[in-house]
Amino acid sequence: MIEVKVKTISRTSALLPLQESFVHRNYTGKHFQRRLEMKRRALLISNSTLYGGGYLEHCQEQIREFLGDKVKRVLFVPYALHDRDVYAKKARQKFESLGYGLDSIHEDPNPVEAVRKAEGIFIGGGNTFRLLKDLYDNNLVSEINRRVFQDGIPYIGSSAGTNVATASINTTNDMPIVFPPSFKAIGLIPFNINPHYLDTDPNSEHMGETREKRIEQYHEERDTPPVMGLREGSMLLVEGDKAILLGTTRARLFIRGKKATEHEPGTDFTFLLTENLP
């Protein structure tokens with residue numbers, strides 16, 4: 001269990017109603033739904049590499065604390081990059097240095113069975129569209145959701161791996177180099193995340209759309225859930241029905257119809273998991 005100092009957000013200003021979660025839509029009965037949410041564990045990281053450091057170096061202590069002693073081996077999903085052998089080797093070296101074995105799902109002839117046997121799952125960064133398409137092609141979207149919600153196995157996502165853990169990939173930064181059958185993602189949380197969030201540079205001569213403007217355009221559409229802009233160096237820890245911002249940088253929260261707000265590490269974002277949108 002990761003210990004953090006929590007900063008709460010007032011419900012009176014926040015917080016408009018949130019969209020129903022994947023769990024709300026796919027399981028009936030409030031008590032059953034509550035039990036599922038209590039088992040959910042996810043560490044959603046903005047970026048794999050922080051400037052000046054190595055692969056997962058900036059978040060390695062959070063990963064170690066999150067996985068704990070019970071997990072011995074992690075199942076890695078390298079679908080977001082083309083060269084999966086090289087990617088798996090890189091991830092294996094890192095996780096072994098942290099004391100965990102790592103199996104790559106692309107080396108298993110039965111990906112669904114690999115997920116069913118996994119003690120924990122790590123999905124790395126790359127192209128979000130490629131990643132989600134391969135998850136659908138291998139029938140893994142619902143299976144990963146089931147393992148996290150029903151069995152409580154820990155899920156770690158980084159960059160694209162964080163994108164696919166959310167409600168949808170609509171707010172990814174990536175180009176659609178392939179086309180998944182749906183933008184709906186694994187649904188471990190009922191809102192979206194924009195990893196690698198970049199602030200507007202007032203001194204820049206670039207006249208293209210800013211990241212904030214693109215998220216505002218997303219919220220011009222009806223029934224769109226909140227978007228958390230995770231700057232590099234930040235991550236969201238989800239334990240059951242609690243969500244806390246970790247890391248060294250702030251997050252920017254966008255809620256449809258509201259002014260964007262800034263939040264320091266330690267902020268309690270539990271309300272994003274528990275409120276419902278119409």
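The values are calculated or read from the model by the stated rules, or taken from the named source; none is laboratory data. Since the model is a prediction, treat every value here as computed from it, not as a measurement. Note that each Cβ is placed from the backbone with ideal geometry, even for glycine, and that neighbours are counted across all protein chains shown. Accessible surface is based on the protein model in full, side chains and every heavy atom, while ligands, DNA and RNA are left aside. Shrake-Rupley method; radii C 1.70, N 1.55, O 1.52, S 1.80 Å.
Across the range 174-193, what is the number of residues that are touching a strand residue (DSSP E or B) at 6+ places or on another chain (Cβ under 7 Å) and of a type outside the set (Lys, Arg)? Don't jump to the end; show me each part of the working.
Taking the range 174-193 first, the residues touching a strand residue (DSSP E or B) at 6+ places or on another chain (Cβ under 7 Å) are 183-185, 188-189, 191-193.
Next, only the ones that are of a type outside the set (Lys, Arg) stay: 183, 185, 188-189, 191-193.
The qualifying residues number 7.
Out of Glu209, Glu221, Glu232, report the one residue that is within 21 Å of Asn173 (Cα to Cα), under 14 Å from the mean Cα position of the chain (by Cα) and open to solvent by 60 Å² or more (accessible area, probe 1.4 Å). Explain how you work it out, then say what you get.
Values: Glu209 fails: under 14 Å from the mean Cα position of the chain (by Cα); Glu221 fails: under 14 Å from the mean Cα position of the chain (by Cα).
On inspection, the qualifying residue turns out to be Glu232.
Suppose the filter is out of contact with any Gly (no Cβ under 8 Å at 6 or more places or on another chain) and open to solvent by less than 10 Å² (accessible area, probe 1.4 Å); does Ile45 pass it?
Values: out of contact with any Gly (no Cβ under 8 Å at 6 or more places or on another chain): no; open to solvent by less than 10 Å² (accessible area, probe 1.4 Å): yes.
No.
Would you confirm whether any residue within the range 239-253 is without any contact (Cβ under 8 Å) to a residue 40 or more places away in the chain and either open to solvent by 80 Å² or more (accessible area, probe 1.4 Å) or among the charged types (D, E, K, R) (or both)?
yes
What number of residues within the range 80-116 satisfy the criterion of being charged (D, E, K, R) and touching a residue at least 24 places away in the same chain (Cβ under 8 Å)?
Summing the residues that are charged (D, E, K, R) and touching a residue at least 24 places away in the same chain (Cβ under 8 Å) in the range 80-116 gives 4.
Could you check, for the range 259-271, whether at least one of its residues is surrounded by fewer than 23 Cβ atoms within 10 Å (Cβ to Cβ), within 17 Å of the chain's Cα centre (by Cα) and among the basic types (Lys, Arg)?
no
Report yes if some residue within the range 184-195 is open to solvent by 20 Å² or more (accessible area, probe 1.4 Å) and farther than 22 Å from Leu131 by Cα; otherwise report no.
no
Every residue in the range 68-80 that is of a type outside the set (Lys, Arg) and within 14 Å of Phe122 (Cα to Cα), please.
Val71, Val74, Leu75, Phe76, Val77, Pro78, Tyr79, Ala80
Any residue in the range 130-143 that's under 8 Å from Pro180 (Cβ atoms): show its pairings with residues that are among the hydrophobic types (A, V, I, L, M, F, W, C) and open to solvent by 60 Å² or more (accessible area, probe 1.4 Å) at Cβ separation under 9 Å, as long as the two are six or more apart or on different chains.
Here the result reads Leu132/Phe183; Lys133/Phe179, each pair linking the range 130-143 to a residue that is among the hydrophobic types (A, V, I, L, M, F, W, C) and open to solvent by 60 Å² or more (accessible area, probe 1.4 Å).
Enumerate the pairs (first residue in the range 61-73 and within 19 Å of Ser48 (Cβ to Cβ) and open to solvent by less than 90 Å² (accessible area, probe 1.4 Å); second residue anywhere and modelled with pLDDT under 95 and not charged (D, E, K, R)) with beta-carbon separation below 7 Å, excluding pairs fewer than 6 apart on the same chain, so at least 6 apart or on different chains.
Hits for this filter: Gln62/Ile2; Glu65/Ile2; Phe66/Ile2.
Hey, Ile189 hits all of (1) touching a residue at least 60 places away in the same chain (Cβ under 8 Å); (2) outside any loop (DSSP other than H, G, I, E, B) but one; which does it fall short on?
Only one criterion is unmet by Ile189, namely (2).
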